[in-house]
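Report on one structure; see the data block that follows.
The values are calculated or read from the model by the stated rules, or taken from the named source; none is laboratory data. Being a predicted model, the structure only gives us computed values, none of them experimental. FYI the Cβ positions are ideal-geometry reconstructions off the backbone, even for glycines, and counts take in every protein chain you see.
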Amino acid sequence: MPTCQYPPRRVQRMLALSFLALVLMLSSFSKPALSAAEPSTYRSLGVLHGGVRSRFSFVFASDSHLGYGPANRNTELAFKDIVAHEKAVAFGLVVGDITETGTREEYELFKNLTNTLPFPVMGAMGNHESKWQDPQGSLLASEVGPRNYSFDYGSWHFVVLDSTYPGQTIGTLEPETLKWLESDLRAQPKTKPVAIFAHHPLLYEPSRFQDSDDVFAGLLDKFPVRAVFCAHGHSFIAWKGQGRDFLMTGALMDAAYTVVEVNGQSLTAYSVKVSEEGRERQKVLDVPSRYWNTKKDPMLNPISSLSVSCEADVLVCDLNLTEKAEVSVQINGGGYIPFGSLEKGSHSLTLDIAGQAKGFHRVRVKAVTANGPFYAWQEFGKSPYDLVEWRQNLGSAVVGEFLPKGTRQVIFGTRDGKVRLLDIETGQPTWEYAAGSPWGGGVIDGNRLYFGTAKGEIICLDLVRGTGIWRTTLDPSGFSSPPAIAAVSGSRSLIIGSSSGTLYSLNSVTGKKNWEYKANGAIVCAPRISDGRAVFGAWDGYLYCVDVESGMGLWSHKMGRQVYYAPYLSPAVYDGKVFATTPYDTHSGGALLAAYDLGSGEIVWSTRWHSTLLTPSISKEGELTIPGANGNIYAFSPVDGTPLWRMDASSTLFLASPGPGPQYVSGGYRGVVTFLTHEAQTDFKVSDASLFVSPLIARLPSGIKVLFADSRGNLSLVRFPD
């Protein structure tokens, strides 16, 4: 994963971050109707109980990381401090990373702790839920409510957003979420002040914790949003952006939280740090009362228009300023190029882009006035169609893995719950199916498609028509990885693992359950089937082997520590051996790469590696090929683990195989990818958004093409460079 430069005083043990939607009400409070919502739903809760008061306070907190001993104690200490000292609290918001790894036991611990509070507590998704044992947020959503919601209290409108992506540290605002946000804000009176909450910091320049600043800032320009509250950094930091006030809160795991006092249309935020010796309470943010005026307001962006044009290695930015401002320009999140103080009026700024790779880029113009920094963005292309065959926007980001159907078609799912069959060469859809919940990836068997959903259903479709054959509700914890097909006694079984740690076997014809096997950690990888055995890793740190006919456990091996180093990625099976990895662990001497005998489970060989290794696969040449989190691609001998070769690239977001060889793809951070062969290496910028989904390398009659999906719903087919 790419490394980010985090805010000062951030605790060292915060390593990776993403997912949660939680509304926890107490017995003394009348709970709004938030019945079992699937992760893709959005809700308006209306006016909270007692919400007619114009003067009140609320608690804004995050990062309790419950399940980690010191965090448990410090969170309890903070909650006791709230009860003892903050008497006028109307409600609380815990904005993500409520748990350490997203287990049911950790959520129960949070419920038990919040029962000590005399007010309702609501939540937001954090990466420590989705990055670990609940990638789709299914466990939370099925029990406690939506990922995105809004409500009213006093004269204010509050909006809570999901800023996570399944299995990733970097945040994003899903296109459907942004549509819902705009609709929700448009429904509010123009004079009603709005506060927005999300786990990942937004418009925070020191670090790019998420990739949606431009679209979010565009919405801020339209509506009376007064304050934006974020978390993730475990620090109290205030900043300005788009004329609005932003605040990051400290972490509950450090016995720190924020209390916000509201008086009419103004609010004042105080940081609170608690220790056994006492408490420290300081003002960190003051948002004064003011009226929204769509023509004369200090929150209006002074950059009234921006257009860009690109010729060869020169980019021209034409902008208009409504007032004097200090102007600078940034490309793709790099350093700012200053253009000094510019007067009101039209300006043309020229930039050298010779150092930028071909592809799609984004330019950011910053104008600083007395009201702080304001931003405007535009996408531009630098000879993108030298390689891009087609590009389309789906309206929602792809999730799960691409599933090839033959050599010319692909099946994929999006976060809005749709599943599509697409012609790779033309980009034209053959059919679309509304599953109602995001899929976790699928498998094809004959003329049938099988997949699990975040809602916990297993669905079987007619592959040709895209129509339903059967569906069954199996596990409310949800499914976030593809199933596998196993031949059992002359019939076919579907094998799939869930976030509850259960491996299921179903009759592929009827959907009837054959058996289930329980691991002690979430199963978020696809099982591998070979010689009547299913092999998979789980978040309890074990690699398991189960008999596909009986569901009986055959062997298991502890590979790593549960919290950060579980073998949760899919193993590879080849030549009677099982190959599995764990991420880099300083306590154990590096990442573990091991080969086990499929039949006996005995270790054949193992080695420690100097960097995190991701999903192993077997190349066309019979080599054990594994991408590294640093973007490099490594090949090992499957016989004894001897390193064979290495290809160097930049940090990758792709967790799956880099390709079958001899062509490979790495990258994805900020949309930059590297096309690799043993003879050449070419960088290309597919998008300025994150490429979370591992690309699909397709060998078409017209040549080798690669299918990419970004977090903004763009799907692109790119020719593999000659």
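Can you say whether residue 556 is in contact with a strand residue (DSSP E or B) (Cβ under 7 Å, 6 or more places away or on another chain), in contact (Cβ under 8 Å) with a residue 24 or more places away in the chain and either surrounded by fewer than 15 Cβ atoms within 10 Å (Cβ to Cβ) or part of a loop (DSSP other than H, G, I, E, B) (or both), as far as the supplied structure shows? Show your work before the answer.
Numbers: in contact with a strand residue (DSSP E or B) (Cβ under 7 Å, 6 or more places away or on another chain): yes; in contact (Cβ under 8 Å) with a residue 24 or more places away in the chain: yes; either surrounded by fewer than 15 Cβ atoms within 10 Å (Cβ to Cβ) or part of a loop (DSSP other than H, G, I, E, B) (or both): no.
Spelling it out, it is not the case that residue 556 is in contact with a strand residue (DSSP E or B) (Cβ under 7 Å, 6 or more places away or on another chain), in contact (Cβ under 8 Å) with a residue 24 or more places away in the chain and either surrounded by fewer than 15 Cβ atoms within 10 Å (Cβ to Cβ) or part of a loop (DSSP other than H, G, I, E, B) (or both).
Mind checking whether some residue in region 695-709 is in contact with an Asp or Glu (Cβ under 7 Å, 6 or more places away or on another chain), part of a loop (DSSP other than H, G, I, E, B) and not aromatic (Phe, Trp, Tyr)? Looking for residues that are in contact with an Asp or Glu (Cβ under 7 Å, 6 or more places away or on another chain), part of a loop (DSSP other than H, G, I, E, B) and not aromatic (Phe, Trp, Tyr), one finds at least one in region 695-709, hence yes.
Tell me, which residue of region 291-336 that is assigned to a loop (DSSP other than H, G, I, E, B) and within 16 Å of residue 381 (Cβ to Cβ) is modelled with the lowest pLDDT? Lay out the reasoning, then the answer.
Here is the first cut: in region 291-336, the residues assigned to a loop (DSSP other than H, G, I, E, B) are 291-302, 312-313, 322-324, 332-336.
Subsequent filtering for residues that are within 16 Å of residue 381 (Cβ to Cβ) retains 312-313, 332.
Numbers: 312: 86, 313: 93, 332: 92.
Only one residue fits best here, namely 312.
Filtered by the rule that a residue be under 19 Å from residue 502 (Cβ atoms), of a type in the set (S, T, N, Q) and out of contact with any Gly (no Cβ under 9 Å at 6 or more places or on another chain), region 97-150 gives no residues.
Would you confirm, using the coordinates I've provided, whether residue 221 is touching a residue at least 12 places away in the same chain (Cβ under 8 Å), charged (D, E, K, R) and either more than 30 Å from residue 52 (Cα to Cα) or not assigned by TED's automatic domain parsing to the domain that holds residue 57 (or both)? Quick ask: steps written out before the conclusion?
Details: touching a residue at least 12 places away in the same chain (Cβ under 8 Å): yes; charged (D, E, K, R): yes; either more than 30 Å from residue 52 (Cα to Cα) or not assigned by TED's automatic domain parsing to the domain that holds residue 57 (or both): no.
Judged against the criteria, residue 221 is not a match.
Screening region 97-151 for residues that are of a type in the set (Gly, Ala, Ser) and touching a Phe, Trp or Tyr at 6+ places or on another chain (Cβ under 9 Å) and picking the one that is farthest from residue 86 (Cα to Cα) gives 138. Filtered by the rule that a residue be over 28 Å from residue 212 (Cβ atoms) and assigned to a loop (DSSP other than H, G, I, E, B), region 710-722 gives 720, 721, 722. For first residues located in region 179-208 and in a loop (DSSP other than H, G, I, E, B), partners that are buried (at least 19 other Cβ atoms within 10 Å of the Cβ) and basic (Lys, Arg) and lie 6+ apart or on another chain with Cβ distances below 7 Å form the pairs 193/226.
Across region 674-694, which residue is modelled with the lowest pLDDT among those that are in a loop (DSSP other than H, G, I, E, B) and touching a Gly at 6+ places or on another chain (Cβ under 8 Å)?
Start the filter on region 674-694 by keeping residues that are in a loop (DSSP other than H, G, I, E, B), which leaves 677-680, 686-694.
Restricting the remaining residues to those that are touching a Gly at 6+ places or on another chain (Cβ under 8 Å) gives 686-693.
Values: 686: 97, 687: 95, 688: 91, 689: 94, 690: 94, 691: 96, 692: 95, 693: 96.
The extreme case among them is 688.
Starting from residues that are within 26 Å of the chain's Cα centre (by Cα) and not small (Gly, Ala, Ser), keep the ones in region 373-387 and report whichever is surrounded by the most Cβ atoms within 10 Å (Cβ to Cβ). Filtering region 373-387 for residues that are within 26 Å of the chain's Cα centre (by Cα) and not small (Gly, Ala, Ser), the one surrounded by the most Cβ atoms within 10 Å (Cβ to Cβ) comes out as 375. When 719, 712 are screened for being of a type in the set (Lys, Arg), surrounded by fewer than 22 Cβ atoms within 10 Å (Cβ to Cβ) and modelled with pLDDT of 95 or more, only 719 passes.
Out of 203, 181, 185, which single residue is more than 14 Å from the chain's Cα centre (by Cα), under 20 Å from residue 258 (Cβ atoms) and of a type in the set (A, V, I, L, M, F, W, C)? Don't jump to the end; show me each part of the working.
Details: 181 fails: under 20 Å from residue 258 (Cβ atoms); 185 fails: under 20 Å from residue 258 (Cβ atoms).
Testing whether each residue is more than 14 Å from the chain's Cα centre (by Cα), under 20 Å from residue 258 (Cβ atoms) and of a type in the set (A, V, I, L, M, F, W, C) leaves just 203.
Within region 224-241, residues that are farther than 11 Å from residue 195 by Cβ sit with their Cβ atoms under 9 Å from residues that are part of a strand (DSSP E or B) and hydroxyl-bearing (Ser, Thr, Tyr), at 6+ positions apart or across chains, in these pairs: 236/258; 236/271; 241/375. Restricted to region 377-461, the set of strands (runs of 3 or more DSSP E) holding at least 1 residues that are under 30 Å from residue 203 (Cβ atoms) and polar (S, T, N, Q) comprises 388-393, 409-414.
Can you pull out the residues in region 217-245 that are under 21 Å from the mean Cα position of the chain (by Cα) and buried (at least 24 other Cβ atoms within 10 Å of the Cβ)? Residues satisfying the conditions are 228, 229, 230, 231, 232, 233, 234. Can you say whether residue 105 is charged (D, E, K, R) and under 30 Å from residue 191 (Cα atoms), as far as the supplied structure shows? The answer is no for residue 105. In summary, residue 52 fulfils each of the numbered conditions (1) within 22 Å of the chain's Cα centre (by Cα); (2) closer than 27 Å to residue 157 by Cα with the single exception of condition (1). Beta carbons closer than 7 Å, at least 6 apart along the sequence or on distinct chains, pair a first residue in region 491-515 that is within 16 Å of residue 545 (Cα to Cα) with a second that is at pLDDT 95 or above and of a type in the set (Lys, Arg) for 501/518; 502/518; 504/513. One residue stands out in region 560-577 among those that are over 21 Å from residue 638 (Cβ atoms) and among the hydroxyl-bearing types (Ser, Thr, Tyr): the one that is modelled with the highest pLDDT, namely 568.
Those strands (runs of 3 or more DSSP E) of region 1-114 in which 1 or more residues are modelled with pLDDT under 95 and at positive phi occupy 42-47. Within region 174-212, the set of residues being under 19 Å from residue 97 (Cα atoms) and of a type in the set (A, V, I, L, M, F, W, C) comprises 196, 197, 198, 202, 209.
Residue count for region 527-553 satisfying the condition of being out of contact with any helix residue (DSSP H, G or I) (no Cβ under 6 Å at 6 or more places or on another chain), at pLDDT below 95 and either part of a loop (DSSP other than H, G, I, E, B) or surrounded by fewer than 17 Cβ atoms within 10 Å (Cβ to Cβ) (or both): 2. Taking the conditions (1) surrounded by 18 or more Cβ atoms within 10 Å (Cβ to Cβ); (2) free of Cβ contacts under 8 Å to residues at least 12 places away in the same chain in turn, residue 569 satisfies each one other than (2). The set of residues in region 489-499 that are of a type outside the set (Val, Ile, Thr) and surrounded by 23 or more Cβ atoms within 10 Å (Cβ to Cβ) comprises 493, 494, 497, 498, 499. The lone criterion from (1) touching a residue at least 12 places away in the same chain (Cβ under 8 Å); (2) of a type outside the set (Gly, Ala, Ser); (3) under 21 Å from residue 708 (Cα atoms) left unmet by residue 476 is number (3).
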